[in-house]
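Input: a single structure, listed below in structure tokens.
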């Protein structure tokens, strides 16, 4: 498959797959809680139903409120388009590296937070304020993870990092372990999962992400929910891709004929990784309780320090 | 020639400004002429950058110190800063055309405005220490007078006093620094300083004094104390220049001395500058998050951005000293790019603060709200500025932060252990500052422009003159353009830094035009152009998908708010409540932030109170300490005032003997 075709497949794959992953997490969680739960395909039906409904917009909302779902969704979608899922041979891969990825997620967050404040309700402001506090620690933590990955592999581009790791450039490193731990903590925070935020909550005072999108309905809500689902897929692709890159198709000159086969293997591996990670997420969320809002700083400060330690350990292990 | 004509025009305009009197059209005319003169300087700078030869002819004029004449020269670095400065001054002058009628006393602003522009531009072309310092003082004193424009407000008078003291301190440091560079022979021309050898001690002192002198003007922590007082006190178009442009002139001074006149600064200073830059960035943005005054918030955010630039400069010095010339060039390009960007979006944001103040008369976030609906142009332009300063792609702020991160990520390749461990720490500070800046501007924009109006003044915000709106629109477009064609800018910058780092370096060398690939094509790359195009296509695709599968119906209704329907706008989040999580997470130890809640007794109908106390460590401990020290010394010295004549004579005699001894000992050697 050429880079152009692979890129187009990737763009539509992440969007098509995202609701299924979220549905699978919900299904496993409800089984663990002793319920039968809805089918994993339920999120597709939910989104279709929301698209059919008219959008209710508050009188006090400005154009920012109506534009935000589209901007948020396309920013997250763009970020997901450049993270390799089944092949590293992507057309857009050089356009954005890990730093740009963090910033694209930041762009989505910026608009969601503004949308939360636009209607002028107390909950919207509360959600925006908490989300920005979480981000102000999660974002640097993720940049520090990028820093240590770039020191290990010499590049900040996710495709190049994966190619480097698949090429056997890195053994078992303490730094990789620390970076993985930090990245998982960031992923939990960025996706609003327990213990930082509960995606299923409707209890007013514990909401973060829900509070920002409280005023949304119809297609706007569908886009906001869709963005959250794509973001979850993105982080699974990132964690699965960098820390367990096996199966990913890496283009090389000698195997041009076998490329399609390698890509099919890559696709199967990606699906398997997503379902393992989604199941793990569901188990983890079932086991743990939500944290108090002002404890977030400890949790995420821990992630930031782990990221920093990951870089510093590189030199310690080098010197020893 | 063009530049000389424009500079003399500015001086003449200052005189005309005095004559303007109460006639508003004359003030407008002065601003129009200022805009034209700045545009001429901008063209002059761009024209020089467009030519291949690096240095313009030296111009020597017969005035200045008795034994030497005044030297002027335009080289690539000066030309670049001339462009940076004059983009801001053109914008501020055009904004001033409409804005001057809203000032309480335009007569106290108009005459000094051209002088301020003159001072900033003259610093850039000065080619000897004397002209540099004279122009520097022109810039300082003119801006001091502009800070005093609204002199009836006691806060402004206090701010001007602090500013004057810090400006005097800065000039004193620079004066001594140039004195050391000139050596005993007094070679005050820059060409003589470049050639003069430096002993290790002088070399150390020169760098220290340059950092103190230029750093106090630029706002490095802990010398930033005057900046958030003085910048907001001036009229908004002057604040825009002070924050967006004058700080860049200060950094020009720093670059000129450290990279050009001195030339061999050791890596230790690079490390120190990076650390100071990191601390400045984090503290600046934390202060900014706590502010309720729109302009003070922006001034603190300037402190943050200066910190980011200084991280780039420090890194560049460290790389240069270790012989990594390409990486030194990369870090310097990143720092310069951030300066360009900051001058544009900070000018834009200060002008929009001016627009908000003009339209509502309020600058307190707690009294604003819902302005996007009343002022759609200002609101949209400010949104672009806020997104750009929050380093969001595809705008310009992100490009420069990306470049700084890329060069920081290469920092651990330096041979020194201090740098290997220090660079990740500075990287974490920079990342923290960047993320907090986004919080800060979501807060400011969300509270001032979104939501519902929190006061009658905000609800009745009125229309603005076209010149003000157009200025902001053009600056917003510049933010987008500089973000989407970064390679064009970095290629222009590589010509500027070639004489400073001694290497020809192009950030796009590996992949070609729209790709920034600073180290090599496999070491991480970015393309604002491609990202913008793809993002826009995905935006269109998502609109088409959503509208294709679903309905496009919209119904307007009351806000839902979980069923708590309330019409009181006070129920919205305020600036302080938005900042509360950040304040609790970051400021409890740094600023000793404490909250106390006073609940009334049951049955008592008085309101409950939440009091927030924040202590500024720099004012309380550093400047408070210096103040107490000065007082204590003054008390001791005061005794000398009440001695008998006999004792005074004795003191004179003792001094005389001491001086004679010194002379005798020196002659012995």
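The values are calculated or read from the model by the stated rules, or taken from the named source; none is laboratory data. Computed from a predicted model, the values in this text were never measured in an experiment. Note that we place each Cβ from the backbone using ideal geometry, even for glycine, and neighbour counts take in every protein chain shown.
Can you confirm whether region A:155-167 contains a residue that is over 24 Å from residue B:408 (Cα atoms) and more than 8 Å from chain B (Cβ to nearest Cβ)?
Yes, region A:155-167 contains a residue that is over 24 Å from residue B:408 (Cα atoms) and more than 8 Å from chain B (Cβ to nearest Cβ).
For region B:546-586, taking the residues that are at positive phi and touching a helix residue (DSSP H, G or I) at 6+ places or on another chain (Cβ under 8 Å), the one that is surrounded by the fewest Cβ atoms within 10 Å (Cβ to Cβ) is identified as B:562.
Picking from residues in region A:63-96 that are buried (at least 22 other Cβ atoms within 10 Å of the Cβ) and assigned to a loop (DSSP other than H, G, I, E, B), the one that is farthest from the other protein chains (Cβ to nearest Cβ) is A:86. Restricting region A:184-204 to residues that are within 14 Å of chain B (Cβ to nearest Cβ) and part of a helix (DSSP H, G or I), which is surrounded by the most Cβ atoms within 10 Å (Cβ to Cβ)? Among those that are within 14 Å of chain B (Cβ to nearest Cβ) and part of a helix (DSSP H, G or I), it is A:186. More than 12 Å from chain A (Cβ to nearest Cβ), without any contact (Cβ under 8 Å) to a residue 40 or more places away in the chain, touching a helix residue (DSSP H, G or I) at 6+ places or on another chain (Cβ under 9 Å) and outside any helix (DSSP H, G or I): does that describe residue B:592? Considered against the rule, which asks whether it is more than 12 Å from chain A (Cβ to nearest Cβ), without any contact (Cβ under 8 Å) to a residue 40 or more places away in the chain, touching a helix residue (DSSP H, G or I) at 6+ places or on another chain (Cβ under 9 Å) and outside any helix (DSSP H, G or I), residue B:592 comes out as yes.
On inspection, residue B:84 fails the criterion of being buried (at least 24 other Cβ atoms within 10 Å of the Cβ) and in contact with a strand residue (DSSP E or B) (Cβ under 9 Å, 6 or more places away or on another chain).
Take the conditions (1) more than 10 Å from chain A (Cβ to nearest Cβ); (2) part of a helix (DSSP H, G or I); residue B:597 misses just one of them, which is (2). If you check B:65, B:7 for being within 24 Å of residue B:253 (Cα to Cα) and part of a helix (DSSP H, G or I), only one passes: B:7.
Of the residues B:530, B:612, the single one that is surrounded by 12 or more Cβ atoms within 10 Å (Cβ to Cβ), free of Cβ contacts under 8 Å to residues at least 60 places away in the same chain and within 30 Å of residue B:162 (Cβ to Cβ) is B:612.
Consider region A:170-183 and keep the residues that are assigned to a helix (DSSP H, G or I) and farther than 14 Å from residue A:305 by Cβ. The one that is modelled with the highest pLDDT is A:180. Residues of region A:107-122 that are within 7 Å of chain B (Cβ to nearest Cβ), in a helix (DSSP H, G or I) and buried (at least 24 other Cβ atoms within 10 Å of the Cβ): A:107, A:110, A:113, A:114, A:117, A:118.
Condition check for residue A:143 on (1) at the interface with chain B (Cβ under 8 Å from one of its Cβ atoms); (2) surrounded by fewer than 24 Cβ atoms within 10 Å (Cβ to Cβ); (3) in contact (Cβ under 8 Å) with a residue 24 or more places away in the chain: one failure, at (2). For residue B:579, state whether it is at the interface with chain A (Cβ under 9 Å from one of its Cβ atoms), modelled with pLDDT of 80 or more and part of a loop (DSSP other than H, G, I, E, B). So residue B:579 does not fit the description; no.
Scan region B:424-457 residue by residue and report those that are closer than 30 Å to residue B:357 by Cα and free of Cβ contacts under 8 Å to residues at least 40 places away in the same chain. Once the filter is applied, which keeps residues that are closer than 30 Å to residue B:357 by Cα and free of Cβ contacts under 8 Å to residues at least 40 places away in the same chain, region B:424-457 yields B:435, B:456.
Go through the residues of region B:444-460 one by one and say whether even a single one is touching a helix residue (DSSP H, G or I) at 6+ places or on another chain (Cβ under 8 Å), at pLDDT 95 or above and under 30 Å from residue A:308 (Cβ atoms). The answer is yes; a qualifying residue exists.
Evaluating residue B:421 against the criteria (1) within 30 Å of residue B:366 (Cβ to Cβ); (2) within 14 Å of chain A (Cβ to nearest Cβ); (3) free of Cβ contacts under 8 Å to residues at least 40 places away in the same chain leaves one unmet condition, (1). If you check residue B:512 against the conditions, is it surrounded by fewer than 20 Cβ atoms within 10 Å (Cβ to Cβ) and modelled with pLDDT under 90? For residue B:512, the condition - surrounded by fewer than 20 Cβ atoms within 10 Å (Cβ to Cβ) and modelled with pLDDT under 90 - is met. Taking region B:402-416 as the range and being in a helix (DSSP H, G or I) and either more than 8 Å from chain A (Cβ to nearest Cβ) or touching a helix residue (DSSP H, G or I) at 6+ places or on another chain (Cβ under 6 Å) (or both) as the test, the residues that pass are B:402, B:403, B:404, B:405, B:407, B:408, B:409, B:411, B:412, B:413. Residues that are within 30 Å of residue B:480 (Cβ to Cβ), over 42 Å from the mean Cα position of the chain (by Cα) and at pLDDT 90 or above within region B:549-574 comprise just one, B:554. Taking the criterion of being touching a helix residue (DSSP H, G or I) at 6+ places or on another chain (Cβ under 6 Å) and part of a loop (DSSP other than H, G, I, E, B), the residues of region A:42-62 that qualify are A:53, A:54, A:61, A:62. Would you confirm whether or not region A:126-139 contains a residue that is at the interface with another protein chain (Cβ under 8 Å from one of its Cβ atoms) and in a loop (DSSP other than H, G, I, E, B)? There is no residue in region A:126-139 that is at the interface with another protein chain (Cβ under 8 Å from one of its Cβ atoms) and in a loop (DSSP other than H, G, I, E, B). Applying the condition of being at the interface with chain A (Cβ under 7 Å from one of its Cβ atoms) and surrounded by fewer than 24 Cβ atoms within 10 Å (Cβ to Cβ) to region B:426-455 and asking which residue is farthest from residue B:338 (Cα to Cα) yields B:452. A single entry from A:152, A:99 fulfils the requirement of being more than 9 Å from chain B (Cβ to nearest Cβ) and either at pLDDT 90 or above or in a helix (DSSP H, G or I) (or both): A:152. Taken over region A:285-294, residues that are modelled with pLDDT of 85 or more, in a helix (DSSP H, G or I) and surrounded by fewer than 15 Cβ atoms within 10 Å (Cβ to Cβ) amount to 2.
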